[in-house]
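Below you'll find the structure, written out as structure tokens, and then a few comments.
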Amino acid sequence: MLGRALEGETVHWRARCGERLLDVTAGPRREASGRVGGVTGFAIDVTLGVYERERHMAFAAYVPAAAFIRDAAGRYLWANDAYAHLHGKVPGAVTGRTLEDVVREHDVAQARALDLQVLARGRPLRHSLTFSRPSGAPVSVTGHRFPLDTAAGPCVGGMYIDVTGEVQALGEKAAAEEELRALRDRTGAASLIFTLSGRVLRANVGAAGLLRTRVALLEGRSLRDLVVPSPRTAALLREWQEVVRGRALRRNVRLVCRTGGGALRLVRADVAVLREDGRPVRILTLLTALGIEHPRAVKLTPIQEQVLLRLAQGKPNADIARAVGMSRQALDYHLSRLRQELEAPSRTAVVARAFALGLLDSTVWPPELTGESSAATH
């Protein structure tokens with residue numbers, strides 16, 4: 001056995017000394033040059049309770065928590081399977097080795113400092129630490145390091161749980177929360193979080209700016225207080241229920257909202273459900289302005305809407321009159337009414353004002369009506 005230790009191998013055997021039964025571990029003693037200069041070892045008296053000890057050691061060897069025992073010089077007296085796995089080894093390749101043989105070089109100082117702290121204080125130390133696997137990947141553990149009195153003298157024991165996955169998950173959660181916070185509070189995006197019953201639970205600065213009010217005045221208000229009653233409101237409530245009941249992940253609808261000063265503004269509301277444990281608990285709504293703020297509802301007759309649409313398409317008066325089936329004199333009357341209703345002095349200004357108010361859809365070509373001119377009422 002000693003010959004094998006001199007050849008560089010760590011060996012274990014059980015020996016008798018009189019009536020005493022000893023567990024012996026021996027390994028090479030290396031000089032500063034790295035050459036084997038002798039044998040070092042230790043023996044543990046296992047005469048009493050040998051079978052009980054073997055059973056306990058079997059449990060300790062395969063418990064999921066990583067565990068080890070090191071002497072004051074940093075040599076491993078024992079390590080279980082989970083601890084060896086953390087360092088990419090098997091237990092037999094750890095026992096008898098030193099910290100420098102097992103732990104990556106830049107982690108040795110941290111391990112020795114903790115060992116010395118435990119030995120100096122003489123009491124357990126609960127802590128968390130991060131070190132590197134042989135591949136260089138970080139691993140995080142939490143647990144206890146504690147002093148032990150053994151036949152080999154004062155030693156340090158440790159037992160840890162690998163929490164790398166949990167630490168990574170918490171880091172990813174924190175990053176996601178920061179991204180959402182930046183989106184909500186720093187980008188200008190207008191968002192409202194509603195209770196399922198339709199009351200504003202949380203509003204951000206972007207939503208307050210879009211609706212010309214303050215966050216404190218938005219929070220606590222009912223959805224019905226924010227929107228102008230119209231067929232669009234009923235459509236929103238139907239879409240809302242579709243999302244709440246899980247029949248859709250998201251919906252969007254156009255709404256005319258009241259601003260803080262009592263004026264009106266056309267917005268698009270994108271509605272999505274927020275869930276906890278699979279149950280809908282809140283409703284997230286992102287608002288996008290589709291028109292400028294204006295003091296009163298714009299109401300056009302169906303014939304005026306058709307005239308406006310053809311103006312936006314660049315049709316001359318003769319073509320518009322023919323398309324809608326009226327005389328030139330009747331068309332001039334409706335053009336005059338359009339200029340008055342939209343407060344625009346010319347044909348070009350009428351079209352520009354209609355786009356600004358959201359009466360014409362700015363996302364398509366040729367132009368299309370949004371239907372908002374006859375949807376909003378006081």
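Some observations on this one:
- Once backbone amide H atoms are built at 1.01 Å from N, Gly260 has Arg212, Thr213 as its partners under 5 Å, excluding neighbours fewer than 5 places away on the same chain.
- In degrees, nearest ten, helix 105-121 long axis to first principal axis of the chain (Cα): 70 degrees
- Amide H contacts of Glu368 (H built 1.01 Å from N, under 5 Å, at least 5 apart or other chain): Asp361
- Relative protection proxy for 101-108, 121-128, from highest mean packing down: 101-108, 121-128 (other beta-carbon atoms within 10 angstrom).
- Rg followed by Dmax, in Å, when the chain is reduced to its Cα trace: 38.8, 129
- Chain lengthening between Ala176 and Val39 when straightened (0.36 nm per residue, less Cα-Cα): 43.8 nm
- The C-alpha atoms of the chain define a longest principal axis, and helix 231-244 lies at about 20 degrees to it.
- Filtered trypsin sites (Lys or Arg not before Pro), segment 211-278: DSSP coil and at most 12 other beta carbons within 10 Å: Arg245, Arg247
- Within the accessible area of segment 179-328 (1.4 Å probe), percent carbon and sulfur: 51 percent
- Computed from backbone phi, the HN-Hα couplings of segment 254-265 come to 8, 9, 9, 9, 7, 8, x, x, x, 7, 10, 8 Hz, rounded to whole numbers (Karplus: 6.51 cos²θ - 1.76 cosθ + 1.60, θ = phi - 60°; Gly and Pro given as x).
- Amide H contacts for Val39 (H built 1.01 Å from N in the peptide plane; partners 5 or more residues away or on another chain; cut-off under 5 Å): Arg29.
- Helix 328-342 vs. the chain, principal-axis angle (Cα, 0 to 90°, nearest 10): 40 degrees
- Note on segment 56-175: semi-axes of the ellipsoid equivalent to its C-alpha gyration tensor, largest first and rounded to whole Å, are 23, 16, 14.
- Kirkwood Rh in Å, taken over all unlike Cα pairs in segment 208-294: 13.6 Å
- Local electrostatic count, Leu129, Cβ distance below 14 Å [Lys/Arg +1, Asp/Glu -1]: +2
- All-pairs Cα distance distribution in segment 212-353, expressed in whole percent, bin size 10 Å: 10, 31, 25, 20, 11, 3, 0
- Cα-based radius of gyration of segment 2-91 once divided by 2.2 N^0.38 Å, which approximates compact folds: 1.21
- Average accessible surface for the chain: 55 Å² per residue, computed with a 1.4 Å probe over protein heavy atoms with every protein chain in place.
- Calculated from backbone phi, Karplus (6.51, -1.76, 1.60) coupling profile of segment 6-13 in Hz, x at Gly/Pro: 5, 7, x, 9, 8, 10, 10, 7
- Projecting the Cα positions of Val267, Thr285, Ala84 onto the charge dipole of the chain (unit charges on Cβ atoms of Lys, Arg, Asp and Glu, taken about the Cα centre) puts Val267 furthest along the positive direction.
- Approximate spin-label separation Glu276-Leu201, in nm, with each point projected 7 Å along Cα-to-Cβ: 0.7 nm
- According to the calculation over all Cα-Cα pairs in segment 283-367, the P(r) per 10 Å bin from zero is 16, 49, 25, 7, 2, 0 %.
- Cross-link reach list, aspartates and glutamates versus Lys315, counting only Cα pairs under 16 Å and skipping chain neighbours closer than eight places: Glu305, Asp332, Glu368
The values are calculated or read from the model by the stated rules, or taken from the named source; none is laboratory data. Small disclaimer: the values here were computed from a predicted structure and weren't measured. Don't worry about glycine lacking a Cβ; one is built from the backbone with ideal geometry, like all the others, and counts go over all protein chains shown. Note: areas computed on protein heavy atoms with side chains; ligands, DNA, RNA excluded. Shrake-Rupley method; radii C 1.70, N 1.55, O 1.52, S 1.80 Å.
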